[in-house]
Amino acid sequence: MIYRKYSVPSIWQEMDRMQREMNRLVNAFTPERNERARAAANFPAINAWTNDELEVVTAELPGVDPQDLDLNVVGDVLTISGKRSPEDPEAEVRYHRRERECGEFSRSIQLAFPVNAEQVSASYENGVLRVNLPRAEADKPRKISVKS
């Protein structure tokens, strides 16, 4: 006779599974909330590229006043935060569509290498923020000569 051992999920594992299933069902019926949450998590849209000396990060921030932006570099993480003020419509208007979110935002990106925080520079033009992050001197590749 062959006996098989079956593992029975614990009550906590079953409760966890039920919670995930309930979340999935609720989210299926509230797509607008999910789209807003995804949009908020990905605002602002960011591009980043590097070379041996520098990392450049650009962020699309239409309608954001540069004075309302805050940039921080801690270790190898750049955080862009700020707020976008709502537009003041003319009196007695009704929106037909309103997709641009207003309010506070924050987005962090891990940098490719440690940077020299003292030499970071930023510019803002046509709704695009550009941050230049020079590589830390201690992290730059060094050529090592071989003695014979």
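The values are calculated or read from the model by the stated rules, or taken from the named source; none is laboratory data. Please read all numbers here as calculations on a predicted model, not as lab measurements. FYI the Cβ positions are ideal-geometry reconstructions off the backbone, even for glycines, and counts take in every protein chain you see.
Within the stretch 92-120, restricting attention to residues that are in the same structural domain as VAL56 (by TED's automatic domain parsing) and aliphatic (A, V, I, L, M), which residue is surrounded by the most Cβ atoms within 10 Å (Cβ to Cβ)?
VAL115
Any residue in the stretch 119-148 that's closer than 24 Å to ILE46 by Cβ: show its pairings with residues that are of a type in the set (Asp, Glu) and surrounded by 10 or more Cβ atoms within 10 Å (Cβ to Cβ) at Cβ separation under 9 Å, as long as the two are six or more apart or on different chains.
The qualifying pairs are GLY127/GLU60; VAL128/GLU60; LEU129/GLU60; VAL131/GLU55; ASN132/GLU55; LEU133/GLU55; PRO134/GLU55; ARG135/GLU55.
Find all pairs meeting these conditions: Cβ atoms under 7 angstrom apart; at least six residues apart or on different chains; first residue within the stretch 64-80 and surrounded by 13 or more Cβ atoms within 10 Å (Cβ to Cβ); second residue among the aromatic types (Phe, Trp, Tyr) and not in a strand (DSSP E or B).
Cβ pairs passing all conditions: ASP76/PHE113.
Can you name the residue in the stretch 1-19 that is within 36 Å of the chain's Cα centre (by Cα) and surrounded by 10 or more Cβ atoms within 10 Å (Cβ to Cβ) and is also modelled with the lowest pLDDT among such residues?
GLN13
Anything in the stretch 49-81 that is among the hydrophobic types (A, V, I, L, M, F, W, C) and within 18 Å of ALA138 (Cβ to Cβ)? List them, or say none.
If the condition is that a residue be among the hydrophobic types (A, V, I, L, M, F, W, C) and within 18 Å of ALA138 (Cβ to Cβ), then LEU54, VAL73, VAL74, VAL77 are the ones that fit.
Please work out which one of (1) assigned to a strand (DSSP E or B); (2) within 18 Å of the chain's Cα centre (by Cα) is the condition PRO62 fails and give its number.
Result: PRO62 fails condition (1) only.
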